[in-house]
Amino acid sequence: MRDHQGFTDPHRMPQVGQRLPLTVGEFAQGGQYGSGGHGANSVGDDGDDRHFHQVREIGTEFDMTEPWNIDTPKVITLPSGRRIRGRGLRYDMPGGQFPTLAVHLTDHRPPAPPWESLWIPWRDFWLPTDPMEAMRTLRTAYDRAADERVEICCGGGGGRTGTALSALCVFEGMNPKDAVKWVRQNYHSRAVEVPWQRRFIRQVAGATGSRQS
């Protein structure tokens, strides 16, 4: 399974169709899934770890092969058919399925969840620290969303998450203006909160050769 930097440990790679048990004991060990410099109970700037506690307290299994259910809270379906979940880390974990890949858009690396995760350093109301690396990570999330349960999350689940989802819409072939409009209509009315986040979406379009208008 990949760690936060995307490297792979062959001893931890799940087999296709394998169900991974996530038990209280496994998650409580901390570091088994990679702590990224934070302990299992550490708190990031964009929210607390209540959703990780929920998983740890419940104990569960999740199927690596099932897509997001359409009725799973916060899941949207892109025009290509890819399903993505957006959410805020400050709030409780939505009910239903768990992700197989999470992309965290936060100032500091959050606690490692019991599933694979990637981190894009990104302050609230600002831009990614490294825009090009952020584009590559978002493209990875987009590609894997074709057959995996991918979620994108920031502190509140609005501005940064909405900006990232708009970038995914650009990967779909939308121009930046239409991408923002689509995400606001289908995900969150406050997606893409500041002008420079719009500029980042235009940068994504320029970097991918997509239509600008």
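The values are calculated or read from the model by the stated rules, or taken from the named source; none is laboratory data. Because the structure is predicted, anything quoted here is derived from the model rather than measured. Note that we place each Cβ from the backbone using ideal geometry, even for glycine, and neighbour counts take in every protein chain shown. These accessible areas exclude ligands, DNA and RNA; they are computed on the full protein's heavy atoms, side chains included. Shrake-Rupley method; radii C 1.70, N 1.55, O 1.52, S 1.80 Å.
A few comments on the model shown:
- Residues that are among the small types (Gly, Ala, Ser) and either part of a loop (DSSP other than H, G, I, E, B) or surrounded by fewer than 16 Cβ atoms within 10 Å (Cβ to Cβ) (or both) within region 106-117 comprise just one, Ala112.
Here is a yes/no grid of residues against (1) more than 15 Å from Arg184 (Cα to Cα); (2) of a type in the set (Ser, Thr, Tyr); (3) out of contact with any Asp or Glu (no Cβ under 7 Å at 6 or more places or on another chain):
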residue: Met132; (1), (2), (3): yes, no, yes
residue: Arg136; (1), (2), (3): yes, no, yes
residue: Arg139; (1), (2), (3): yes, no, yes
residue: Tyr142; (1), (2), (3): yes, yes, yes
residue: Glu148; (1), (2), (3): yes, no, yes
residue: Ile152; (1), (2), (3): yes, no, yes
residue: Thr163; (1), (2), (3): no, yes, yes
residue: Ala167; (1), (2), (3): no, no, yes
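- Entry remark, region 124-175: residues being aromatic (Phe, Trp, Tyr) and either closer than 23 Å to Met93 by Cβ or part of a helix (DSSP H, G or I) (or both) number 2 in total.
- Considering only residues in region 118-133 that are over 13 Å from Arg199 (Cβ atoms) and among the aliphatic types (A, V, I, L, M), the one that is surrounded by the most Cβ atoms within 10 Å (Cβ to Cβ) turns out to be Ile120.
- Verdict on Gly81 being over 19 Å from Ser189 (Cα atoms) and of a type in the set (Gly, Ala, Ser): yes
- Summed over region 171-198, the residues that are closer than 22 Å to Ile70 by Cα and open to solvent by less than 10 Å² (accessible area, probe 1.4 Å) give a count of 4.
- All conditions but one from (1) open to solvent by less than 10 Å² (accessible area, probe 1.4 Å); (2) at pLDDT below 95 apply to Ala141; the one that does not is (2).
- Beta carbons closer than 7 Å, at least 6 apart along the sequence or on distinct chains, pair a first residue in region 163-181 that is closer than 16 Å to Pro195 by Cβ with a second that is among the polar types (S, T, N, Q) for Thr163/Gln197; Pro176/Gln212; Lys177/Ser213; Ala179/Ser166; Val180/Ser166.
- Region 199-213 - residue that is open to solvent by 30 Å² or more (accessible area, probe 1.4 Å) and assigned to a helix (DSSP H, G or I) and, of those, nearest to Gly88 (Cα to Cα): Arg199
- With respect to the stated conditions, Gly37 fails to be at pLDDT 85 or above, in a loop (DSSP other than H, G, I, E, B) and at positive phi.
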